[in-house]
1. Among A:Ala70, A:Val160, A:Ala203, pick out the residue whose Cα is farthest towards the positive end of the charge dipole of the stretch A:2-233, where Lys and Arg carry +1 and Asp and Glu carry -1 on C-beta, about the Cα centre.
2. Measure up A:Lys90/B:Lys181; B:Lys90/B:Lys237; A:Lys10/B:Lys221; B:Lys124/B:Lys221; A:Lys124/A:Lys212; A:Lys181/A:Lys221 against 28 Å on the Cα-Cα distance and list the ones that go over.
3. Given H placed 1.01 Å from N in the peptide plane, which residues other than close sequence neighbours of A:Ile39 have an amide H under 5 Å from its amide H?
4. Only loop residues by DSSP count here, and only those with at most 15 other Cβ atoms within 10 Å; note down the trypsin sites (Lys or Arg not before Pro) in the stretch B:192-238 that meet that.
5. Normalised by the number of residues in the stretch B:27-161, what is the relative contact order in percent for Cα pairs under 8 Å and 6+ residues apart?
6. Under 8 Å for C-alpha pairs, at least 6 residues apart: give me the relative contact order for the stretch B:105-238, rounded to a whole percent.
7. Would you calculate, for the protein assembly as shown, the mean residue ellipticity at 222 nm contributed by helices, counting each DSSP H stretch of 4 or more residues as -39,500 (n - 2.57) and dividing by all residues, to the nearest 500?
8. Any idea what % of Cα-Cα pairs in the stretch A:2-233 are farther than 29 Å?
There are 2 protein chains.
Amino acid sequence: MQENSNNERKIRVGMVLFPNLTQLDLTGPHEVLSFPPPIEVDLLWHRLEPVTSISGFVLTPTATFDDYDAPDVLFIPGGPGQLQAMDDEKLIAFVKRAGESAEFITSVCTGSLVLAAAGLLIGKRATSHWSVVDQLALMGAEPVRERVVEDGNIITGAGVTAGIDFALTLVARLISEDVAKNIQLGIEYDPDPPFNSGSIETADPDRVELQKERGADLAEKRRTAAERIGRERLGLKL
Amino acid sequence: MQENSNNERKIRVGMVLFPNLTQLDLTGPHEVLSFPPPIEVDLLWHRLEPVTSISGFVLTPTATFDDYDAPDVLFIPGGPGQLQAMDDEKLIAFVKRAGESAEFITSVCTGSLVLAAAGLLIGKRATSHWSVVDQLALMGAEPVRERVVEDGNIITGAGVTAGIDFALTLVARLISEDVAKNIQLGIEYDPDPPFNSGSIETADPDRVELQKERGADLAEKRRTAAERIGRERLGLKL
């Protein structure tokens, strides 16, 4: 934590960007974490040039991996580009370095696979998007199918929209439940999905199968990468 | 609707930007609407230079009001900057023009006050953030305190996070419930807020009062502007 001129604690959140991330994984938590004044959120990438999400949304970095001091909170979003991020040596080196000193190590969606690829989840309970959560085991983590999973200073959220639930949980840990509840009221987070198709337990089984089929290629690439990283980089014997 | 080279219907969503908007009002719907291939989402502003949200998040326009053809879906986010947007003559002229031909006229949070300021909600049922929903009446709309409100081709969402519920509803109308349910599963939208403080009905009454007090200055400025616009621009006798 740094202190500002009023001697208030300043909490620095470093959010890692990469091309083809899922922007809502990041923008949900960004909004929640931007409410309390003591928190300062940065978007981090190799360079300051814009990074484009899988949906074509442009994200503008505020700092580079080289120029950013260790964050109090390390955050990694998910998205298809996580596959490349797991093998981005400099990005992984930053995640390792930041993870060593961070007060909280966090992710949403497939971002947990990047944390795992940096060796930060070995022996830890963690979650991810429902389609890949089991792959965490290939890099030494214990997969848990819950919306938000806490294990010591590691807090991981499930797929995409779990980022809002995750971020409110994080604010309660970082500051207080009182502040988290104020934010929840401010963003009118009283969700009321028009359909009941948001989890593999409640969605039509045919729909789940179809989505697995459509995502099979990417899932297989992710699995192959996770196995290789677990074996070669992390030296795991699974 | 435009047709592309495969003769598929292409649905164009135009999202209006302005400084000091609330980014999650827009990024939630943007993610949901970016899933189905026939939808193309643009971010619109006077110029192509970046626009900064109230939380310091940088949004990059993809087209200007002058250069963008009439959208199939007009969308307006909310945020404190909505006060200035209501009196931005060129922005309001675009909203009016786009509203005349759009298949759907939509907003999230205080974005409905901008729709109302353009005269698009006269006699229509609409919602907004809980703190300002009553002000819609000053510009001729009928305020409704529901998460997502539909009145003909007008679909409005309540505060910030209601944008996700809103966007799934919109996809069901634009394409099909089937596609909306696929998206809900893809973004794992099975919300589980860690606290029960997301509406004025469930939050601690003291918390609601405190938040009203903190927002009183802005609420008063909004009310004054809405009264003036209702009387002078829209010629309403209330």
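1. Value: A:Ala70.
2. Details: A:Lys90/B:Lys181 38 Å; B:Lys90/B:Lys237 25 Å; A:Lys10/B:Lys221 31 Å; B:Lys124/B:Lys221 23 Å; A:Lys124/A:Lys212 26 Å; A:Lys181/A:Lys221 40 Å.
Where the Cα-Cα span goes over 28 Å, the pairs concerned are A:Lys90/B:Lys181; A:Lys10/B:Lys221; A:Lys181/A:Lys221.
3. Those lying under 5 Å, H to H, from A:Ile39 are A:Ile11.
4. Numbers: sites: B:Arg207, B:Lys212, B:Arg214, B:Lys221, B:Arg222, B:Arg223, B:Arg228, B:Arg231, B:Arg233, B:Lys237; in loops: B:Lys237.
When the trypsin sites (Lys or Arg not before Pro) of the stretch B:192-238 are filtered for loop state and at most 15 Cβ neighbours within 10 Å, B:Lys237 remain.
5. Working: 254 pairs, mean separation 24.4, N = 135.
After rounding, I find 18 percent.
6. Values: 185 pairs, mean separation 32.3, N = 134.
Computed value for the stretch B:105-238: 24 percent relative contact order.
7. Working: 16 runs with 164 residues, N = 476.
Result for the protein assembly as shown, helices only: -10000 deg cm²/dmol.
8. Values: 6269 of 26796 pairs.
The share of Cα pairs beyond 29 Å in the stretch A:2-233 comes to 23 percent.
A short reminder: the numbers here are calculations on the coordinates, not readings from a lab. From a predicted model like this one, the values you see are computed outputs, not experimental measurements. No Cβ is skipped: glycine too gets one built from the backbone with ideal geometry, and neighbour counts run over all protein chains shown.
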